[in-house]
Amino acid sequence: MRTVEDIEIRFPGSLAEALAWQADEKTRGRPLAGGTDLMVQWESGVAAIPERAVSLWGLKELKGIRETPRGIEIGAMTTHTELRSSPLVREKLPALAAAAATVGGRQIQNRGTIAGNVANASPAGDLAPTLLITDGLATAASASGRRDIPLAKLFTGYRKLDVRADELLVSFTLPALPAGAREKFHKIGTRAAQAISKVMGACRVRVQNGTIVSLAVSLGSVAPVPVRLPELEQWIAGRRVDLNLLEEVERRASAEVHPIDDIRSTATYRKWVSGRLVRALLEA
Amino acid sequence: MPATVQTRDPRWVGQGIPRVDAEDKVRGRAQYVDDLLVPNGWHGHVVRAPVPHGLLRGLTPDPAFDWSRVVVVTAKDIPGPNCIVSHDRSMPVIASDEFLYAGEPVALIAAPTLRLAREAAEHLRIDFEERPAILTLHEVADQFKHNDPALVKLCGQTIRKGDAEAALARAHKVVEAEYTAGHQEQLYIEPQGLVAEPTGDGGVFIYGSMQCPYFIVHELCEALALPPEKIRVKQAAVGGAFGGKEEFPTWLAGYVALLALKAKRPVKIVYDRHQDILYTTKRHPVWSRYRTGLNRDGTIAAIAVDFLLDGGAYLTLSDVVMYRGILHAAMGYRCDHVFVNGLVARTNTVPSGAFRGFGAPQAIWGLESHVDAMAAAAGMTPHEFRLKNCLVQGDTTPTGQVLKWSVGSPAVLEKSLERCRFDEQWKKCSRGKPGAKSWYGIGVSFFAHGAAFTGDGEARIKARAAMDLDWLAPGRPGGIVRVSSTEMGQGALTVLSQLAADGLGLDLSRVSCPFPDTALVPNSGPTVASRTTMVVGSCVYGAAGKLKKALEQFAGKPIASGKEFDEIASAYLNKHGRLRVEHLFVLPPGTQWDQKTFRGDSYPGYSWGCNVAEVEVDPRTLGIRVKKITAFYDIGKVVNPVLAKGQIEGGLVQALGYSVMEKIGIDRKGRFDASRMQTYIIPTMQDIPEMDLDFVEFPFDHAPPGAKGVGELPMDGLAPAIANAIEAATGLRMRDLPITPEKLYEHSQKNLGR
Ligand SMILES: Cc1cc2nc3c(=O)[nH]c(=O)nc-3n(C[C@H](O)[C@H](O)[C@H](O)COP(=O)(O)OP(=O)(O)OC[C@H]3O[C@@H](n4cnc5c(N)ncnc54)[C@H](O)[C@@H]3O)c2cc1C
């Protein structure tokens, strides 16, 4: 019977060393970021106890937020606290900053990271919708090189990612909010704080002269993976924002999702409230 | 009134002094059971039934495992009869041939490490034949409604006053509805934990987290085949209990004691949170049905109630929970024709148990929701209807008890309504108005809570408190409070110290109030039923007064100062040694109670309360936000106003969780589904509304200095006040707790469909 205490936790001195370990099955370990998901899952038996874990927490190569021509580049080990307090993120990726500010409580925000939130691949992970609406990409690295993965293709199934066992997520590159567009994040949780989402979502929208030029909208906790609503996005382009439109948006958004019952909420409520939530995101 | 107590200007009673145990807790010095070093101790682990109902065919140890490293206890190892002596003898300590809930113990294992104990458990195969199981309140409520003989009734009791059926037939209007609520977990901060050590004389010493040390002694002595004096029980610091550490610790004490006696060494079990939620007692789920009749003038003609509790697998103390429930199910209002039919049904789940309020919150949930329905049927506002019909001094309760003294009604109701300007706010309620950005609603509930034990409980237990005159430290004489009441975070030690100091007429520094140890304290009863300050506190006050008298007699002069006390007490101790005096609680003169018919004085006194809740519901999501609670309470003489308010604030938060958050069901395997803090949702600081709380004092003269109960009261009335406010906000009447956005949505869709 193995427990958390049996795990050998290794601390690489550099990203290169970590990648070298990950390249070989005999030295490979479970990536360990802030541990706010993993520690809980190990303790409760939800995740298998591995032989080894590789702590990425101290790797400088995985820290930092900077502006690049492709977008805002965010290191994998950036914490929720850093996301919510970074002026760059707040200005150029306001939905992400807002989402990070709703994760757990302050202690969790100090430890939990963007890569951990994404790689945990829970449909209730609060950051995913705010990443998906940017049409950005994730970068994975291995001993043999780097690979960019469009975020739209990253989540492949319930708790599954398109990331190989020898790879680590190293950064996210997220196109900044274009001029004239706005972004919003909205979360419906089980209580006012320390709440896992029943449904949450984000949108990035450009409206010109009362007409919608483009909309990207994404919801979490309504499917095995965080989803975009492509049918709604296509239908809405070029339409005028008015009360009728909002009502139709609510109806279409609700029809486009197929959530399930679980311990936090019901399928019928989630379906209904998804429409309400998307409508609320569009209301200025 | 006990003659020995002199009236004097109280010094400590009435003051909001800090907790006497605060410094130890804030500095981290307090020792909880898991902090204690247990030399030579082993860890215990419980092997549990895998399905909710089955016949146990046997336990097969894996021959490949080295069993010499561990100690295994099964039902065969129990020296006496295999039962816990609770309100009956039906529950075994360890299941022997049949088990009735998933998780019921079938074997116990002790080992030098917890890991080894758990590993051994994996090598013990449980052979069983699965039997059909009943898992939910809804199943038993259906059985009840259809008179299904398959319903397993654990106990029943009725209350009759006048002729409710005849009065219903004559009534101008009849209002009927059903109300339900699910389990609630106590979720104390410190999980359950105990240590047992064999003593040299064949007995056992049990210590750790508990509410009622003497319960363990009396409930286990048969199974352990030990005389009570060979079971010594001592309380360690306790991190919250709320009733969850009332009867459950006896089960756990059984596990550690059997293991310790067989292993011949100390054994400790401390549950983790997951085990604690899965395998310990919760609040009883309730289904109640109200049929009430109204007269033309808006008075109440008849109240008929069916009150059904889900008792879980065994009776334990569910009969008394149901008694308290039925005694509160039609309480608070003037009515000549009352019939209450109470029963407890079996389900194949963990036995339901004590939780703050002990049946009263479940009853008041239905009653106070239904009072709003009656008000509407009578064409009156909820507050007019309550003011018109509430019991006042001189009125008669459903059991025929005349309210002769200490009646805080209608004071609490009037003051609450006035403080929050209910009448004005009531007119602003949204009632589901389309197009609004937010829906506002206000709701009220009004209730009494029987103080101390139900019926003849206090007469039977004969609670005693002792005061010892002894050395507190070398050269420093003082009074030591000796009671079996426990401090679990509620402030009992502080309040009892205040009462002892005033009884002695001395400074607090000359009084000490240690954790109870059954080797040293008389049985002052369990720490339950909001009885500690009122009953035990009054005994402490009385005993302290007697102690002072005895010293004055010894000295031949009155003691007027602390310095005089020090001299006289030192002289006494040097000459005679320790002095113990005791004081017994007596029910008010003329108290009469018939336990068979439930007629008479069901409680020596009542505390009274009124809650007003103001809520906002978000029309976009149906999210519920309780914005403000206004409440007045009559708890008799308030001994420590800061602690009393603390009890009320904390209790209201617990009641808030019960009302709108705490949802826990039974999964397909028959186990609680929300079994971690991740899924069992309680309020956070961010969810707590503004509170405006106050007291009106109607002292209880038969137990000086006049306190009544407070501990359970804040749990009683918030849920219906919130449900009433939600109806005022949305137009939707919710009859099932907790009230969630999901249920509001489902209900709104049903209403649209009609
Ligand atoms: C009390 C509490 C409240 C919480 N509240 C919320 C909430 O409100 N919203 C929310 O979304 N989440 C919440 N969480 C979950 C969690 O805190 C977040 O998802 C957090 O961002 C996870 O990050 P981490 O760094 O702690 O991940 P870890 O636990 O270290 O890792 C999570 C997963 O990611 C993998 N991983 C980590 N880094 C990499 C990498 N670089 N490459 C590949 N795989 C990697 C790990 O192997 C593991 O599978 C809460 C957790 C707790 C304990």
Quiz item: Could you give the radius of gyration (one decimal) and Dmax (whole number) of the Cα atoms in the range B:395-505, in Å?
Solution: 23.7, 76
Practice problem: Please give, to one decimal in nm, the separation of the simple spin-label points placed at residue B:264 and residue B:129, each 7 Å out from Cα toward the Cβ. | Solution: 4.0
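Using R₀ = 51 Å, calculate the FRET efficiency as 1/(1 + (r/R₀)^6) where r is the Cβ-Cβ separation of residue B:423 and residue B:592; round to 0.05. Before the final figure, lay out the partial values.
Details: r = 41 Å, r/R0 = 0.80.
Once the sixth-power term is evaluated, E becomes 0.80.
Please give the calculated 222 nm ellipticity per residue for chain B, where each DSSP H segment of at least 4 residues contributes -39500 (n - 2.57) and the sum is spread over every residue; nearest 500 deg cm²/dmol?
Values: 20 runs with 218 residues, N = 754.
Value at 222 nm, helices only, nearest 500: -8500 deg cm²/dmol.
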Quiz prompt | Separation of alpha-carbon centers, the range B:683-754 and the range B:217-270, rounded to whole Å | solution = 36
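Multiply the residue gap between residue B:118 and residue B:571 by 0.36 nm, knock off their C-alpha separation, and tell me the result in nm, one decimal place.
Numbers: separation 453, 0.36 × 453 = 163.08 nm, distance 5.82 nm.
Difference between extended and current length: 157.3 nm.
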Practice problem: Starting with the highest mean, order B:734-743, B:720-729, B:281-290, B:110-119 by the number of other Cβ atoms within 10 Å, averaged over the residues of each peptide. | Solution: B:720-729, B:281-290, B:734-743, B:110-119
Exercise. Could you list B:614, A:231 in order of exposure, starting from the residue whose Cβ has the fewest other Cβ atoms within 10 Å?
Key: A:231, B:614
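Placing +1 at every Lys and Arg Cβ and -1 at every Asp and Glu Cβ, with all other atoms neutral, what dipole size does the range B:704-754 have around its Cα centre, in debye to the nearest 20? Display every interim value, and only then the final one.
Values: 6 positive and 6 negative charges, 40 e Å.
With Lys and Arg at +1 and Asp and Glu at -1, about 200 debye.
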Quiz item: When Lys and Arg each count +1 and Asp and Glu each count -1, what net charge do the other residues less than 12 Å away from residue A:142, Cβ to Cβ, add up to?
Solution: +1
Quiz item: Alpha carbon centre of the range A:159-176 versus the range B:566-640: separation in Å?
Solution: 59
Practice problem: Calculate, for residue A:10 and residue B:153, the FRET efficiency according to 1/(1 + (r/R0)^6) with r their C-beta to C-beta distance and R0 60 Å; round to the nearest 0.05. | Solution: 0.45
Self-check item: Cα long-axis angle, helix A:243-256 against chain A (0 to 90 degrees, to the nearest 10)
Solution: 40
Exercise. Can you find, among B:495, B:408, B:481, the residue farthest towards the positive end of the dipole of the range B:399-501? Put +1 on the C-beta of Lys and Arg, -1 on that of Asp and Glu.
Key: B:408
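Just order B:580-591, B:334-345 by mean Cβ neighbour count inside 10 Å, highest at the front, would you? Write down the numbers at each step before the final one.
Working: B:580-591: 17.0, B:334-345: 22.5.
The packing order, highest mean first, is B:334-345, B:580-591.
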Quiz item: Looking at chain B from every direction and averaging, what is the projected area of its Cα convex hull in nm²?
Solution: 33.3
Quiz item: Hey, any idea what Rg/Rh is for the range A:4-55, computing Rh the Kirkwood way over Cα pairs?
Solution: 0.98
Quiz item: What share of Cα pairs, in percent, lie more than 14 angstrom apart in the range B:28-68?
Solution: 73
Self-check item: Total charge dipole magnitude, the range A:60-174, about the Cα centre, Cβ charges on Lys, Arg, Asp, Glu only, Debye to nearest 20
Solution: 180
Self-check item: Convex hull per residue volume in Å³, alpha carbons only, for chain A
Solution: 128
Self-check item: Positive-end residue of B:87, B:573, B:114, charge dipole of the protein assembly as shown with Cβ unit charges
Solution: B:114
Quiz item: Fewest to most neighbouring Cβ within 10 Å: what's the order for B:539, B:212, B:390?
Solution: B:390, B:212, B:539
Exercise. Above 16 angstrom, tally the Cα pairs of the range A:185-284 and express them as a % of all pairs, no decimals.
Key: 52
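What does the convex hull of the Cα atoms come to per residue for the range A:60-174, in Å³? Write out the running numbers ahead of the final one.
Details: hull volume 11.2 nm³, N = 115.
Here the figure is 97 Å³ per residue.
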Quiz item: Which semi-axis lengths, in whole Å and largest first, follow from the square roots of five times the eigenvalues of the Cα gyration tensor of the protein assembly as shown?
Solution: 51, 38, 29
Practice problem: Give me the distance in nm between label points sitting 7 Å out from Cα along the Cα-to-Cβ direction at residue A:61 and residue B:66, one decimal. | Solution: 4.5
Self-check item: Label point 7 Å beyond Cα of residue B:189 along Cβ direction - residues of the range B:230-253 with amide nitrogen under 20 Å
Solution: B:235-246
Practice problem: Determine the shielding of peptide A:261-273 by partner chains: average, over its residues, the number of Cβ atoms on other chains within 10 angstrom of each Cβ. | Solution: 5
Practice problem: State the answer as a single residue: which of A:155, A:114, A:139 lies farthest towards the positive end of the charge dipole of the range A:60-174, with beta carbon charges of +1 for Lys and Arg and -1 for Asp and Glu, about the Cα centre. | Solution: A:114
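Neighbour counts of other C-beta atoms within 10 Å: give me A:232, A:174, B:55 arranged from fewest to most. Mind dumping the intermediate values first?
Values: A:232 21, A:174 24, B:55 12.
Fewest to most other Cβ atoms nearby, the residues stand as B:55, A:232, A:174.
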Quiz item: What is the distance, in nm, between label points placed 7 Å from the Cα along the Cα-to-Cβ direction at residue B:272 and at residue B:582?
Solution: 4.6
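With a sphere of radius 10 Å drawn around the Cβ of residue B:299, what net charge do the other residues whose Cβ falls strictly inside it have (Lys, Arg +1; Asp, Glu -1)?
Working: positive: B:296, B:334, B:388; negative: B:297, B:336.
Net local charge, residue B:299 excluded: +1.
Per residue, what volume in Å³ does the Cα convex hull of the range A:28-91 take up?
Working: hull volume 7.4 nm³, N = 64.
Hull volume normalised by residue count: 115 Å³.
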Practice problem: Please identify which residues in the range B:266-286 have an amide N closer than 19 Å to a label point set 7 Å out from the Cα of residue B:36, following the Cα→Cβ vector. | Solution: B:266-272
Quiz item: Relative to the longest principal axis of chain A, what angle (0 to 90°, nearest 10) does the C-alpha long axis of helix A:267-282 take?
Solution: 70
Practice problem: Kindly state, to the nearest 0.05, the FRET efficiency for residue B:22 paired with residue B:692, given R0 = 25 Å and r defined as their beta-carbon distance. | Solution: 0.45
Exercise. Determine the dipole magnitude for the range A:138-263: charges of +1 sit on the beta-carbon of Lys and Arg, -1 on that of Asp and Glu, nothing else is charged, the reference point is the Cα centre, and the result goes in debye to the nearest 20.
Key: 280
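Throughout, read-outs are computed from the coordinates displayed, never taken from laboratory work. Keep in mind that what you see is a predicted model, and the values were worked out from it rather than measured. So basically every Cβ, Gly included, is an ideal-geometry build from the backbone, and we count neighbours across all protein chains shown.
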